[in-house]
């Protein structure tokens with residue numbers, strides 16, 4: 001799961017990589033280089049008018065609009081395309097069927113720009129280490145994401161928050177030692193991902209299954225984990 005990532009590209013670089021269309025908030029530059037859950041990260045969405053694209057700062061850990069508080073009891077910074085249901089463990093649940101992701105998958109999609117993502121490896125060649133993955137040339141990567149808006153019942157403040165969509169890893173990542181990865185798209189495929197008319201729910205799911213972009217990975221060990229080997233039961237929690 002992608003519990004932290006890095007973004008070193010500036011907004012102008014992101015815009016140039018993305019499209020020649022106009023943007024809202026083109027000078028937005030108030031974000032950290034390393035993003036952890038519950039910190040602000042930069043996301044790309046479509047604006048409500050004139051097909052403009054919008055840069056926004058949102059909380060990295062999606063708060064469902066129906067949540068009673070701003071810190072759900074479950075982790076919500078990653079949204080898996082498929083996972084086994086909590087209510088029916090033998091049944092595979094698609095992302096658009098899960099209560100947390102159902103509405104965002106319909107009409108609140110986003111793109112999360114990043115330069116690298118960092119994972120804990122509990123198996124494979126890099127077992128026992130926190131590992132950074134990036135493009136070999138450190139170029140910008142675009143991950144499919146979802147966002148939601150949560151209204152604080154006391155203050156009436158609206159908090160926008162997001163999650164990165166993850167899927168099965170490539171064989172390369174699996175051999176390194178992690179069991180999933182963010183779902184990356186080309187700039188052209190990002191345009192389609194944000195087009196709700198061209199990609200309604202079922203088509204959007206199939207699209208993501210088919211469009212995972214393979215990277216020319218560079219792998220760096222960040223540091224050893226506190227516990228190098230964990231049990232199969234513990235591994236199922238990640």
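Take every Cα pair under 8 Å in segment 4-235 that's 6+ residues apart, average their separations, divide by the length, and report that relative contact order as a whole percent.
20 percent
Please give the length that would be gained between residue 10 and residue 135 if that part of the chain were fully extended, namely 0.36 nm times their separation in residues minus their C-alpha to C-alpha distance (nm, one decimal). Before the final figure, lay out the partial values.
Working: separation 125, 0.36 × 125 = 45.00 nm, distance 1.69 nm.
Fully extending the segment from residue 10 to residue 135 adds 43.3 nm.
In nanometres, what is the gap between the two model label sites at residue 39 and residue 75, each 7 Å from Cα along Cα-to-Cβ?
Result: 1.7 nm between the two label points.
For the residues 191, 52, 81, what sequence is obtained by ranking on other C-beta atoms within 10 Å, fewest first? If you can, show how the numbers build up before the last one.
On the way: 191 17, 52 14, 81 20.
With the sparsest Cβ surroundings first, the list reads 52, 191, 81.
Starting from 0.36 nm per residue, how many nanometres of slack lie between residue 203 and residue 171 once their C-alpha separation is accounted for? Intermediate results must be reported in sequence, preceding the final value.
Values: separation 32, 0.36 × 32 = 11.52 nm, distance 2.55 nm.
Stretched out fully, the residue 203 to residue 171 stretch lengthens by 9.0 nm.
Suppose R0 equals 35 Å; then what is the FRET efficiency for residue 98 and residue 54 from their Cβ-Cβ distance, rounded to the nearest 0.05? Numbers along the way, then the final one.
Working: r = 26 Å, r/R0 = 0.74.
About 0.85, to the nearest 0.05.
For the peptides 71-80, 140-149, 124-133, 177-186, what is the packing order when you average, over each peptide's residues, the other Cβ atoms within 10 Å and list the highest mean first?
Answer by packing, highest mean first, reads 140-149, 177-186, 124-133, 71-80.
Based only on other Cβ atoms within 10 Å, what is the fewest-to-most ordering of 43, 158, 201?
Values: 43 24, 158 10, 201 16.
Least to most surrounded, the residues fall as 158, 201, 43.
Can you pull the one-decimal nm distance between simple spin-label points at residue 210 and residue 158, each 7 Å off the Cα toward Cβ?
Here the modelled spin labels are 3.5 nm apart.
What ranking do 70, 161 get, fewest neighbouring Cβ atoms within 10 angstrom at the top?
Working: 70 14, 161 27.
By the 10 Å Cβ count, ascending, the order reads 70, 161.
Coordinate-derived values only; no laboratory data. Predicted model, so just to flag it, every value in this text is computed and none were measured. Cβ atoms come from the backbone with ideal geometry, glycine included; neighbour counts cover every protein chain shown.
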